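Notes follow once the structure below has been shown.
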Amino acid sequence: TAEIENRWALEKRVLEQIAEYENALKKFDTGEYGLCEKCGKKIAPERLEAVPHAKLCITCKAAKAKEARGFAR
């Protein structure tokens, strides 16, 4: 049972990753690729190289991570 649950979790994550890359490709087609979904600024090329499906610039991503940890401004 545990092995099946692990496989389902892995399959779910792989499908989520595929959806993230497909979304990035759609943004590329519409000219929105590389723009932060929160602030609208360009995402640094180094970030896109590391995370091609990034939705947020590093500043907005850091703020979101702080909020998730309970350190909201």
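The values are calculated or read from the model by the stated rules, or taken from the named source; none is laboratory data. Worth saying up front: this structure is predicted, and the values here are computed from it rather than measured. Methodologically, a virtual Cβ is constructed for each residue, glycine included, from the backbone with ideal geometry; neighbour enumeration extends over all protein chains shown. With ligands, DNA and RNA removed, areas are computed over all heavy atoms of the protein, side chains included. Shrake-Rupley method; radii C 1.70, N 1.55, O 1.52, S 1.80 Å.
Structure notes:
- Average Cα contact separation per residue, the chain, under 8 Å, 6 or more apart, as relative contact order %: 22
- If R0 equals 22 Å, the separation of the Cβ atoms of K66 and E37 corresponds to a calculated FRET efficiency of about 0.80.
- Angle between the chain longest axis and helix 58-68 axis [Cα atoms, degrees, rounded to 10]: 50
- Inter-label distance, E5 to T59: 4.3 nm, where each label sits 7 Å from its Cα along the C-beta direction.
- Carbon-plus-sulfur accessible fraction, the chain (probe radius 1.4 Å, protein heavy atoms only): 57%.
- Where only DSSP H runs of four or more residues are counted, the chain gives -20500 deg cm²/dmol as its mean residue ellipticity at 222 nm, each run worth -39500 (n - 2.57).
- About its Cα centre, the chain has a charge dipole of approximately 540 debye under the convention of +1 per Lys or Arg Cβ and -1 per Asp or Glu Cβ, with nothing else charged.
- Where the chain is the region considered: accessible area per residue in Å², 1.4 Å probe: 84
- Dipole of the chain [Lys/Arg +1, Asp/Glu -1 at C-beta], most positive-end residue of V51, L25, L15: V51
- Three-way shape call for the chain based on the alpha-carbon gyration tensor, with the a/c threshold at 1.5: oblate
- On Cα atoms only, tilt of 2-30 relative to the major axis of the chain in degrees: 30
- Neighbour cut-off at most 16 other Cβ (10 Å), DSSP loop, GluC sites (Glu not before Pro), segment 12-45: E32, E37
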